[in-house]
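Accompanying notes for the structure given below.
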Amino acid sequence: MTKIAEGSFHLIIFPTLIILLNFLLWCSRQRVASSIHWIFIYVGQGTSLACYFVWHYWQLEPYPDMPPGEAAFDLCMRTFLIGLWQLIGLVLFQLSTFIILKMGMALKHHSSRELS
C-alpha cells in the first residue's frame, strides 16, 4: 500500500469542471470554434493527469518490504487507468454533443426549408 488517496475528483469532478468551464466560455459573448473548446478540454485532461502524477509522486512512501520501483509503477499504472477512463468519458461526451449538434442543425435546416 502507498499513500495514494483516490477519490472521485480526478475521475468525475475535474473533467466535469473542465467541461462546465468550456461550456460557460461557449455561452459567453466570445464565439470560439467548437474544435478549439475540445482541444482545451483534452489539454486540461492531460494537465490534470500530469499534476496528479507529480503530486502523488512526491507523497509516495512505499512499505519497506516493497521491491524498488513497485510503488512508482503502481502510480504510473493508476495514472494511466485514470487517464484512460477520463479519455473514454470525454470522447463519448464529445461524440454525443457532436451528434446532438448535427441533429439540431439538420432540424433547423429542415424547418427553415419548409418555411421557404
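The values are calculated or read from the model by the stated rules, or taken from the named source; none is laboratory data. The shown structure was predicted, so the numbers you read here are calculated from the model rather than taken from an experiment. Glycine gets a Cβ as well: all are built from the backbone with ideal geometry, and neighbour counts include every protein chain shown. Side chains are part of the model used for accessible areas, which takes the heavy atoms of the whole protein and leaves out ligands, DNA and RNA. Shrake-Rupley method; radii C 1.70, N 1.55, O 1.52, S 1.80 Å.
Run the Debye formula on the Cα coordinates of region 76-116, all scatterers equal and no solvent, and tell me log10 I(q)/I(0) at q = 0.15, 0.35 1/Å. Each listed q maps to, in turn, -0.52, -0.99.
Can you give the local net charge around PRO68? Use residues other than it whose beta-carbon is closer than 15 angstrom to its beta-carbon, Lys and Arg +1, Asp and Glu -1. Mind showing how you got there, number by number?
On the way: positive: none; negative: GLU61, ASP65, GLU70, ASP74.
Charge balance near PRO68 sits at -4.
The share of accessible area on region 39-90 that comes from carbon and sulfur is 75 percent, using a 1.4 angstrom probe.
Using alpha carbon coordinates only, what is the Rg to Rh ratio of region 15-116, with Rh defined as the Kirkwood radius?
Numbers: Rg = 20.4 Å, Rh = 16.7 Å.
With Rh from the inverse mean 1/r over Cα pairs, Rg/Rh is 1.22.
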